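Visitor: A single structure is presented below for examination.
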Amino acid sequence: MNELVTLHLQSFDNLISLWNPTNAIPLEIDIIDMKIGGLIPGFIHTIWGDTGGGKSRFCLQGILQAFKKDRKIKILYCDHSGNLRYSIFSRFLSSDKLESITFISPETLLEQLIYFRELTESNCLFNLIIIDTLFGSPLNFLKYFHKEKIFWSRRIFEHLLDLKYLAENSKVPILTTVYKTDIENKSENSNIYGTLLHDFSPIHFFIEKVNTTFRVTLKLFNISIGSSQSSLLP
């Protein structure tokens, strides 16, 4: 006789509790702190937003809150904007905090991929990793969908594998930003990378500018949990 098997589905609250949110970095954004505690060590988090929509301000808020939680925290900040982020952040961070942040500015996505592959093979000393933006500018992103698609598809998949391994193995939260218009357009090719991101990153923050504040929506496993308003200080 076949035995009856009952599946017990856990609620989101019970599932999130397994992530040990007490070790998370609070962000002072209500929906995020209330539901998951903030940035969770061991996971990739993705910020989605339009150009000028507040993605880098979100990253800065994460940095400020990280220093509140741990003054000795070591942060890696990767972006394709040269010294632009450093000059902006220097207006809000003291010199000792800036010294605790390693800024890297890869000129190409391939250079970024190589850096993080080497990081997975070494002893990672960072407590928070931020990649702003994951795929570079929207203009650079176009080439992944055309004649170089096969070349980039494999390398982007391997890059996400490296980041997942880095987050889990080093118990570090990784925060990435993505141009929403890159991933959420209707082309079949762009949806490949959108699907990959959801496979590797279970935690998503969607940012929308509303007058002088920002609406931040939290999604887990592509399911909307809720939204709240934030000024994204400073």
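Visitor: Check every one of the strands (runs of 3 or more DSSP E) wholly within the range 170-221 and list those with 1 or more residues that are modelled with pLDDT of 85 or more, surrounded by fewer than 19 Cβ atoms within 10 Å (Cβ to Cβ) and over 11 Å from the mean Cα position of the chain (by Cα).
Guide: 203-210, 213-220
Visitor: Among the residues of the range 25-41, how many are assigned to a loop (DSSP other than H, G, I, E, B) and open to solvent by 10 Å² or more (accessible area, probe 1.4 Å)?
Guide: 4
Visitor: Continuing with the same structure: When you go through 76, 109, 98 one by one, which is the residue that is open to solvent by less than 50 Å² (accessible area, probe 1.4 Å), over 22 Å from residue 41 (Cβ atoms) and at pLDDT 90 or above?
Guide: That would be 98, the only listed residue that is open to solvent by less than 50 Å² (accessible area, probe 1.4 Å), over 22 Å from residue 41 (Cβ atoms) and at pLDDT 90 or above.
Visitor: I would also like to ask the following. Select from the range 52-73 the residues that are at pLDDT below 90 and more than 16 Å from the chain's Cα centre (by Cα) and list them in ascending order.
Guide: Hit for the range 52-73 is 52, nothing else.
Visitor: Would you pick out the residues in the range 121-138 that are within 17 Å of residue 201 (Cβ to Cβ) and either open to solvent by 50 Å² or more (accessible area, probe 1.4 Å) or touching a helix residue (DSSP H, G or I) at 6+ places or on another chain (Cβ under 6 Å) (or both)?
Guide: Answer for the range 121-138, where residues must be within 17 Å of residue 201 (Cβ to Cβ) and either open to solvent by 50 Å² or more (accessible area, probe 1.4 Å) or touching a helix residue (DSSP H, G or I) at 6+ places or on another chain (Cβ under 6 Å) (or both): 128, 130, 132, 135.
Visitor: Out of 135, 126, 116, which single residue is of a type outside the set (Ser, Thr, Tyr), modelled with pLDDT of 95 or more and part of a loop (DSSP other than H, G, I, E, B)?
Guide: 126 is the lone residue from the list that is of a type outside the set (Ser, Thr, Tyr), modelled with pLDDT of 95 or more and part of a loop (DSSP other than H, G, I, E, B).
The values are calculated or read from the model by the stated rules, or taken from the named source; none is laboratory data. Since the structure is predicted, the reported quantities are computational estimates derived from the model, not experimental observations. Every residue, glycine among them, receives a Cβ derived from its backbone with ideal geometry; neighbour counts consider all protein chains shown. Only protein heavy atoms, including side chains, enter the accessible area calculation; ligands, DNA and RNA are left aside. Shrake-Rupley method; radii C 1.70, N 1.55, O 1.52, S 1.80 Å.
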